Structures are given as C-alpha cells and as structure tokens.
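Only one structure is covered here, and it is reproduced in the block below.
The values are calculated or read from the model by the stated rules, or taken from the named source; none is laboratory data. It should be emphasised that the depicted structure is a prediction, and the values quoted were computed from it without experimental measurement. FYI the Cβ positions are ideal-geometry reconstructions off the backbone, even for glycines, and counts take in every protein chain you see. For accessibility, only protein heavy atoms count, side chains too; no ligands or nucleic acids. Shrake-Rupley method; radii C 1.70, N 1.55, O 1.52, S 1.80 Å.
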Amino acid sequence: MAIFLCFLFLAISYATACDRCVHQSKVAYFSRASALSSGACGYGSMATGFNSGHLAAAVSSLYKDGSGCGACFQIRCKDTTLCSREGTRVIVTDLNRNNQTDFVLSSRAFMAMANKDSGRNILKQGIVEVEYKRVPCEYKNQNMAVRVEESSKNPNYLAIKLLYQGGQTEVVAIDFAKAGSSNWGFMSRNYGAVWDSDRVPSGALQFRFVITSGYDGKWIWARNVLPEDWKSGMIYDSGVQITDIAQEGCSPCDDGIWK
C-alpha cells in the first residue's frame, strides 16, 4: 500500500504541471480532417464530434503520456489585426510530435481564432504566434461517460476510455470492483485515454477514479455501475461529473489575469 501511495503521489505531481499559466508559443493546423481520426488519445472517429470539431494535438509536456487527453485550452493568436481577443477553446485529442509548435489544431479551431470573415486569411499563414492557457472543460447537463472498447471481452478483459470529463484535472488512477464488493482492483493506462485490466470479475462493476484536485488527489465514485451484460462499443453514463480545478504551485503566474 505504501508503494502504491508513493507512486500515486508521484503521478499526481507529474500531472500537475503549470499549464494553467499563460504561455507563449506557435500553433499550426491539420490540413486533412482525417488526421484527427487517428489521434494518440485513442478517441478515433469520435474525436471529430467533440467540441464542435475544435481539437488539438499537444506536445508531450501537455499530453503527459495520455493523462492530458481531454484537457481544454484557450488559445488566441497575437496578431490583433487578424485575430480576435477571445480566440478559441480546444480539446486535446492527440500528441503533437513536432516540437516547433505547442499545438497543431484542427482547421476549424485554427480559423476560429480569426476575426469575423478572416478565417481563410489565417489559414494562409500556416503557423501563427499565440498565447494559451488551460481552462476548465464544461459539459452542461452531461455526465462523464465510460466507453467500453472493442477489444474488451466480457467478463475478464475490460478496456475503457472516459468521455466528457469536466473540470481542470487529470485522472491518474481508476479502480473497479464487483458491484457491492469492497475488493477493489486497479486498471492501468494502456495508451492515451484508454485504461484496461485482464482481472475483471464477472457481474456488474463499480468504478472509482483518482483525480488531481486542489494540491493533492481526490477520489470520485461513479454513481452508476457497468451492467453485468456490458458490451464492447457501448457508452455508459457514470452518473457523476467532475468540476474540480487542480491547483498548481507555479507562482507568480498562478494569479495572472489574461487581459
């Protein structure tokens, strides 16, 4: 148990980098929408339906070995003659392996940074200088969901990914148990947003999640269970939504106001 708690503390410390501060960088965009369907987070074709298609591939320091999948960022370009002050909000769905820019955006998100009727003009730039910060994800009237991956085999092997995760946190651990049991097992991050275990008991399943919250971690218990006859490819309502915001010891930019 001590080893697990030590590991969990390290995972939480690693996950809480100072990404909510305002950063200066550059962004490019995907010229092909199909690139968004093969993202490293594992969302597949579902990704194109997230956030009205305003998506991003993030560098490894923001991707965080997958714990940054689903995180939301506000990005605005610095050319005020071309771009609005509001910019655009994006969701991380992929890993940007090119360190020349912190993000590669979907063309729709890239155009959304522009002033009215200037979307085509910003596309001609290809790469623009920006500033960005992490912001809470908001899913009004929608709970976090659990999607069972196609590779799952009921009852023993289960692979899942979380969808519609609100707040400004990362999930750093997922536990499962047979409904009504206190004998908890743990899942491992397979890749991106996908977690799995080959030691899942038969029957309905309950979940609990550890998220970064405040300056520490916090348990979140799903109110709904995965039914006994859970099926691959299905999406199940967890019955809970996350609104927490992880605090970061990265003063002085902790208190900075984006003007």
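Axis angle, to the nearest 10 degrees, between helix 2-15 and the longest C-alpha principal axis of the chain: 20 degrees. Each eigenvalue of the Cα gyration tensor of region 38-156, multiplied by 5 and square-rooted, gives one semi-axis; in descending order these are 29, 15, 13 Å. Just checking the listed ones, C137, C21, C69: in the Gaussian network model of the chain with Cα springs under 10 Å, the one fluctuating most is C21. The average projected area of the chain, computed from the convex hull of its Cα atoms over all directions, is 14.1 nm². Scalar couplings 3J(HN,Hα) for region 185-194, obtained by applying the Karplus form with A = 6.51, B = -1.76, C = 1.60 to θ = phi - 60°, are x, 10, 9, 10, 6, 6, 6, x, 8, 9 Hz; x denotes Gly and Pro. Mean projected area of the convex hull spanned by the Cα atoms of region 143-233, taken over all viewing directions: 5.7 nm². Among the trypsin sites (Lys or Arg not before Pro) within region 174-216, those in coil by DSSP and having at most 15 neighbouring Cβ atoms inside 10 Å are R199.
One chain, two ends: E228 and S60. Fully extended at 0.36 nm per residue, the span grows by 56.7 nm beyond their Cα-Cα distance.
Ordered from longest to shortest, the equivalent ellipsoid semi-axes for region 51-114 are 21, 12, 9 Å, each the square root of 5 times a Cα gyration tensor eigenvalue. Figure legend: label point modelled 7 angstrom from the Cα of D117 along Cα→Cβ; residues of region 71-96 with amide N under 17 Å from it are 81-84. Model label sites at V240 and Y139, defined 7 Å from Cα along the beta-carbon direction, differ in position by 1.4 nm. When the trypsin sites (Lys or Arg not before Pro) in region 75-157 are filtered for DSSP coil states and for at most 16 other beta-carbon atoms within 10 Å of their beta-carbon, the remaining sites are K78, R85, R97, K116, K140.
Our estimate of slack between Q74 and C18, defined as 0.36 nm per intervening residue step minus the Cα-Cα distance, is 18.7 nm.
About the centre of its Cα atoms, region 66-196 shows a dipole size close to 260 debye [charges on the beta carbon of Lys, Arg (+1) and Asp, Glu (-1) only; nearest 20 debye]. Heavy atoms of the protein chains alone define the surface here; on that basis the chain has 49 Å² accessible area per residue at 1.4 Å probe size. If the segment from N156 to R208 were pulled out straight at 0.36 nm per residue, it would be longer than the present Cα-Cα gap by 16.9 nm.
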